[in-house]
Amino acid sequence: MANLNILYTANLRGAIEMLPRLHTFIRQLKSLPLDEENDVMLCMVEPVQTRWLLLDLGDSCDSAIWHCAATAGRSMLIALDAMGFHAANVEGMLSAASRERLRDNLLGMALVDAETTWRDGDDVMVMYRGGFQTRPYLQIELMMSAATHVDDQRLYLAEIQVGQVGQAVVSLAGGQPELLSATVHDLPASALPDPTIAGTVDFILSEARLFQGRHSTD
């Protein structure tokens, strides 16, 4: 028996200073038992194994934010990669040159758009939107929906705003995926910044200032 526990962000729009606190909160959410956090009654004889996915649904950068403009949209994606995100929606965000630069610098986060999907094993595909012929067990769309729901083996995730973390728990047992719970969490004011991610953000911003300086002298 297996459950897929998905945590996701969206609409971050360049809020890079918030990411160290957000990382701490995500780690706290991952440490909570599912039955306490999501009120999921897992009264099963077989033990339930939990797989985790950490996703971003898009609009992580905003060209009006200086570091997003200086890095052509790469700054937030580099930070999300350092936070352990598995995949991010980059549709319409990156030029071919920016994507090529990221490919050499990311630790492992997949960049998903209308042309590129990402698989987690043989039974989960993460995509920008539907329309692909391949039919794995569960397809996850990285487009925001009005509500989190499963329809025809496809998972749609509810829209959230900056300062929130969405969560969806899906059972992968049986012949059809089943949504067990859907929750939206607000980042608590008490969340302390993670020092590793804080250091990463400082480095990203210093590099962005260098890019900005170079462009201003061109």
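Rank 92, 168, 138 by how far each Cα sits towards the positive end of the charge dipole of the chain (+1 on Lys, Arg Cβ; -1 on Asp, Glu Cβ) and give me just the farthest.
Result: 92.
Keeping the other protein chains in place, figure out the carbon and sulfur percent of the accessible area of the chain, with a 1.4 Å probe.
Carbon and sulfur atoms account for 50 percent of the accessible area of the chain.
Can you classify the stretch 50-98 as rounded, prolate or oblate using the Cα gyration tensor, where a ≥ b ≥ c are the square roots of its eigenvalues, rounded means a/c under 1.5, and otherwise it's prolate if a/b beats b/c and oblate if not?
Judged from the Cα gyration tensor, the stretch 50-98 comes out prolate (a/c at least 1.5, a/b above b/c).
Rounded to the nearest 10 degrees, what's the angle between the helix 96-105 long axis and the longest principal axis of the chain, both from Cα atoms, 0 to 90?
70 degrees
Could you tell me which of rounded, prolate or oblate describes the stretch 38-187, using a ≥ b ≥ c as the square roots of the eigenvalues of the alpha-carbon gyration tensor, with rounded for a/c under 1.5 and, failing that, prolate when a/b is larger than b/c and oblate otherwise?
Taking the square roots of the gyration eigenvalues as a ≥ b ≥ c, the stretch 38-187 is prolate.
Considering only DSSP beta bridges where both residues belong to the chain, give the percentage that are antiparallel (nearest 5).
50 percent
Against the longest alpha carbon principal axis of the chain, how many degrees, from 0 to 90 and to the nearest 10, is the axis of helix 195-217 turned?
That helix lies at roughly 40 degrees to the long axis.
Place a point 7 Å from Cα of residue 187 in the direction of its Cβ. Which residues in the stretch 141-161 have their backbone N less than 12 Å from it?
What the label zone holds, given the 12 Å backbone N cut-off, is 161.
Restricting to bridges with both residues inside the stretch 89-218, how much of the DSSP beta-bridge set is antiparallel, in percent to the nearest 5?
Of all bridge pairs located within the stretch 89-218, approximately 60 percent are antiparallel.
Tilt of helix 19-31 relative to the longest C-alpha principal axis of the chain, in degrees (0 to 90, nearest 10)?
20 degrees
What whole-number value in Å² describes the accessible area per residue of the chain for a 1.4 Å probe?
With all protein chains present, the chain gives 48 Å² per residue.
About the Cα centre of the stretch 91-148, how large is the charge dipole given +1 on each Lys and Arg Cβ and -1 on each Asp and Glu Cβ? Please answer in debye to the nearest 20.
Taking the Cα centre of the stretch 91-148 as origin, the dipole is about 80 debye.
Of 174, 73, 163, which is the most mobile in a GNM of the chain whose springs link Cα atoms less than 10 angstrom apart?
Sorting by GNM fluctuation, first place goes to 174.
Could you give me D for the stretch 96-137, from Stokes-Einstein at 10 °C and 1.306 mPa s, where the hydrodynamic radius is the Kirkwood radius over C-alpha pairs? Units µm² s⁻¹, please.
Translational diffusion coefficient: 136 µm²/s.
What residues have an amide H closer than 5 Å to that of residue 2, excluding those fewer than 5 places away on the same chain, when H is modeled at 1.01 Å from N in the peptide plane?
HN-HN under 5 Å from residue 2: 49, 172, 173.
Pairs of Cα atoms under 8 Å, at least six residues apart: use those to get the relative contact order of the chain, whole percent.
27 percent
Calculate how many DSSP beta bridges within the stretch 46-144 are antiparallel, expressed in % of all such bridges and rounded to the nearest 5.
30 percent
Give the distance, in whole Å, between the Cα centre of the stretch 101-116 and the Cα centre of the stretch 159-218.
16 Å
Put +1 on the Cβ of each Lys and Arg and -1 on the Cβ of each Asp and Glu in the chain; which of 203, 187, 60 then has its Cα farthest toward the positive end of the dipole?
203
The values are calculated or read from the model by the stated rules, or taken from the named source; none is laboratory data. Because the structure is a prediction, the values reported are computed rather than measured. Methodologically, a virtual Cβ is constructed for each residue, glycine included, from the backbone with ideal geometry; neighbour enumeration extends over all protein chains shown. Only protein heavy atoms, including side chains, enter the accessible area calculation; ligands, DNA and RNA are left aside. Shrake-Rupley method; radii C 1.70, N 1.55, O 1.52, S 1.80 Å.
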